[in-house]
Amino acid sequence: MHLISPVLRHYAWGTHEDIPRMLGVAATDEPVAEAWWGAHDSGPSRLDAEGLPLDELIAREPAGMLGESAAEHWGPRLPYLLKVLSIGKPLSIQVHPTLDQARTGFSEEQRGTGGAPHHFLDPFHKPEMVVAVTPMEILAGVRPVRDTAIDLRSLETVRASELADILEAAGDIRAFIHEALSAGVGPDTLDALARAGQRADAGSSLAAAARTLHHFPGDAGAVVALGMHRVALAPGESLFVGAGVLHSYQSGLGLEIMANSDNVVRAGLTPKPVNVPLLLELLEPRECAPALPTVHSEGAARHLVTEAQEFALTIVTEGRAQLPAAPRIVLALNGEATLHCDDDRIVLEPGKAAFVPHHCGVLDVTTSGQAVVARTPWETERHH
């Protein structure tokens with residue numbers, strides 16, 4: 001077992017104190033949006049003892065680190081990435097590609113035959129699951145056309161009515177997004193959205209869209225936000241976001257586990273580069289309810305599994321659990337966690353993490369608080 005340190009990301013949408021407090025380090029004037037534990041090319045965790053990047057450790061002995069089956073399938077590459085997100089400001093409206101789309105797009109951009117470069121940063125997809133640590137607000141999945149059109153018409157502007165007509169004529173959200181982001185919506189419609197959001201129930205889509213406008217004045221993405229489901233997650237509740245699902249994380253502190261990729265295509269609510277045509281190409285435009293993982297409780301352990309073959313998550317709360325062999329990253333989210341594997345023993349203080357290779361075999365986790373175990377799915381979970 002190896003103690004590892006996280007990589008911190010200082011994006012503007014982050015908060016200043018939440019992640020430093022969790023890690024037990026001093027906060028600074030710089031926001032800390034994400035903490036990463038994993039072996040992503042752009043920011044692998046490092047072993048505390050020798051400073052070796054985790055991806056290099058895995059590359060030295062892939063079968064021992066990942067297990068023969070995972071090493072054969074994924075190569076010498078940890079297939080998942082564990083994060084903590086601290087969201088003080090909405091993230092961009094975005095989608096992730098399918099595996100085939102990522103492979104094709106990355107290959108075209110590498111050859112210079114695609115459109116704008118660097119929208120596909122690697123040839124992998126990026127399904128992801130988030131688990132709320134504090135209450136979280138998320139926009140995810142496409143609302144019924146009728147509901148979005150009703151909200152648009154309630155704004156009582158000519159442009160909002162035009163957008164409602166376009167939405168209803170098309171029968172899905174794609175033409176509406178193209179029109180709003182390409183031709184704009186106008187300041188009168190945005191002002192009307194701000195006023196409507198103040199009058200609306202705090203849990204409504206109108207109120208949620210108006211809150212995005214507060215953070216991004218003048219951004220037409222706030223009107224696009226009307227087309228997404230508002231999801232409120234209580235601590236411990238979770239959500240799965242697959243390929244093509246339109247989403248935007250809004251607020252709160254959460255755990256996130258995803259396939260080891262950084263492929264994100266954005267359109268609105270961001271100062272970062274956007275690509276509306278590509279987002280519309282990757283988007284699943286039909287209405288869909290937000291997806292939930294399958295949750296199975298077993299004593300002190302709660303196992304969360306999705307359709308993604310790269311990852312699963314186990315949360316151990318105030319007790320003990322035994323977990324079969326897999327490449328595992330264990331994070332002591334709060335409270336102390338003691339890890340036993342073979343003859344090895346590690347005590348994790350709150351905010352500390354360890355990589356536990358497959359070759360260590362069965363892992364015993366005992367915690368006085370909550371310990372998070374990121375891992376690949378077990379064989380019995382692979383056909384979820």
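The values are calculated or read from the model by the stated rules, or taken from the named source; none is laboratory data. Bear in mind that the values here come from a model prediction, so they are computed numbers and not experimental data. Neighbour counts run over all protein chains shown; Cβ positions are idealised from the backbone, glycine included. Surface areas here come from the heavy atoms of the whole protein model, side chains and all, with no ligands, DNA or RNA. Shrake-Rupley method; radii C 1.70, N 1.55, O 1.52, S 1.80 Å.
Among the numbered criteria (1) farther than 25 Å from Ala170 by Cα; (2) open to solvent by 10 Å² or more (accessible area, probe 1.4 Å); (3) of a type outside the set (Lys, Arg), which single criterion is violated by Asp219?
Asp219 satisfies every listed condition except (1).
From the set of residues in the stretch 214-233 that are closer than 23 Å to Leu253 by Cβ and among the hydrophobic types (A, V, I, L, M, F, W, C), which is farthest from the chain's Cα centre (by Cα)? Can you show your working first?
Start the filter on the stretch 214-233 by keeping residues that are closer than 23 Å to Leu253 by Cβ, which leaves 214-216, 225, 228-233.
Narrowing further to those that are among the hydrophobic types (A, V, I, L, M, F, W, C): 216, 225, 228, 231-233.
Values: Phe216: 21, Ala225: 18, Met228: 16, Val231: 14, Ala232: 15, Leu233: 14 Å.
Once the filter is applied, the top-ranked residue is Phe216.
Let's see how each residue does on (1) crowded, with 20+ Cβ neighbours inside 10 Å; (2) at pLDDT 95 or above; (3) farther than 17 Å from Leu66 by Cα:
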| site | (1), (2), (3) |
| --- | --- |
| Glu349 | no, yes, yes |
| Ala354 | yes, yes, no |
| Pro357 | yes, yes, no |
| Leu363 | yes, yes, no |
| Thr367 | yes, yes, yes |
| Ala371 | yes, yes, yes |
| Thr376 | yes, yes, no |
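Is it the case that the stretch 32-48 has a residue that's over 26 Å from Thr270 (Cα atoms), in contact with a Leu (Cβ under 9 Å, 6 or more places away or on another chain) and modelled with pLDDT under 95?
Yes - at least one qualifying residue is present in the stretch 32-48.
If you go through the stretch 38-63 one residue at a time, how many are open to solvent by less than 10 Å² (accessible area, probe 1.4 Å) and more than 26 Å from the chain's Cα centre (by Cα)? Before the answer, list the steps.
Within the stretch 38-63, the first condition is being open to solvent by less than 10 Å² (accessible area, probe 1.4 Å), and the residues that meet it are 38-39, 43, 45, 47, 54, 58.
Those still in the list that are more than 26 Å from the chain's Cα centre (by Cα) too: none.
Of the residues in the stretch 38-63, 0 are open to solvent by less than 10 Å² (accessible area, probe 1.4 Å) and more than 26 Å from the chain's Cα centre (by Cα).
Can you name every residue in the stretch 80-115 that is within 12 Å of the chain's Cα centre (by Cα) and of a type in the set (A, V, I, L, M)?
Those that are within 12 Å of the chain's Cα centre (by Cα) and of a type in the set (A, V, I, L, M): Leu81, Leu82, Val84, Leu85, Ile87, Leu91, Val95.
Check His229, His214 and return the single one that is open to solvent by 10 Å² or more (accessible area, probe 1.4 Å), free of Cβ contacts under 8 Å to residues at least 24 places away in the same chain and of a type outside the set (Phe, Trp, Tyr). Show your work before the answer.
Details: His229 fails: free of Cβ contacts under 8 Å to residues at least 24 places away in the same chain.
Among His229, His214, only His214 is open to solvent by 10 Å² or more (accessible area, probe 1.4 Å), free of Cβ contacts under 8 Å to residues at least 24 places away in the same chain and of a type outside the set (Phe, Trp, Tyr).
So, Pro350, is that one on the phi < 0 side of the Ramachandran plot, touching a Leu at 6+ places or on another chain (Cβ under 8 Å) and not basic (Lys, Arg) or not? Lay out the reasoning, then the answer.
Values: on the phi < 0 side of the Ramachandran plot: yes; touching a Leu at 6+ places or on another chain (Cβ under 8 Å): yes; not basic (Lys, Arg): yes.
Yes; evaluated as a whole, the condition is true for this residue.
Any residue at all in the stretch 289-309 that is under 30 Å from Ala49 (Cβ atoms), under 19 Å from the mean Cα position of the chain (by Cα) and charged (D, E, K, R)?
No, because not a single residue in the stretch 289-309 is under 30 Å from Ala49 (Cβ atoms), under 19 Å from the mean Cα position of the chain (by Cα) and charged (D, E, K, R).
What number of residues within the stretch 210-255 are of a type in the set (Ser, Thr, Tyr) and either out of contact with any strand residue (DSSP E or B) (no Cβ under 6 Å at 6 or more places or on another chain) or modelled with pLDDT under 95 (or both)? Working first, answer last.
In the first step, residues of the stretch 210-255 are kept if they are of a type in the set (Ser, Thr, Tyr); the result is 212, 238, 248-249, 251.
Right, trim to either out of contact with any strand residue (DSSP E or B) (no Cβ under 6 Å at 6 or more places or on another chain) or modelled with pLDDT under 95 (or both) and you get 212.
Count: 1.
Report whether or not Arg174 is of a type in the set (Lys, Arg) and either open to solvent by less than 50 Å² (accessible area, probe 1.4 Å) or free of Cβ contacts under 8 Å to residues at least 12 places away in the same chain (or both).
Details: of a type in the set (Lys, Arg): yes; either open to solvent by less than 50 Å² (accessible area, probe 1.4 Å) or free of Cβ contacts under 8 Å to residues at least 12 places away in the same chain (or both): no.
No.
Within the stretch 9-21, work out how many residues are crowded, with 20+ Cβ neighbours inside 10 Å and either at pLDDT below 95 or touching a helix residue (DSSP H, G or I) at 6+ places or on another chain (Cβ under 9 Å) (or both).
Count: 1.
Check every one of the strands (runs of 3 or more DSSP E) wholly within the stretch 1-73 and list those with 2 or more residues that are farther than 14 Å from Val356 by Cβ. Let's see the steps before the verdict.
Numbers: elements: 2-5, 7-9, 34-38.
Passing ranges, in order: 7-9, 34-38.
Provide a single number: the residues in the stretch 1-25 that are under 15 Å from Val133 (Cβ atoms) and among the aliphatic types (A, V, I, L, M).
Of the residues in the stretch 1-25, 3 are under 15 Å from Val133 (Cβ atoms) and among the aliphatic types (A, V, I, L, M).
Return the total of residues in the stretch 138-166 being within 30 Å of Glu237 (Cβ to Cβ) and open to solvent by less than 20 Å² (accessible area, probe 1.4 Å).
Start the filter on the stretch 138-166 by keeping residues that are within 30 Å of Glu237 (Cβ to Cβ), which leaves 138-152, 154.
Narrowing the set further to residues that are open to solvent by less than 20 Å² (accessible area, probe 1.4 Å) leaves 138-142, 148-149, 152.
Qualifying residue count, the stretch 138-166: 8.
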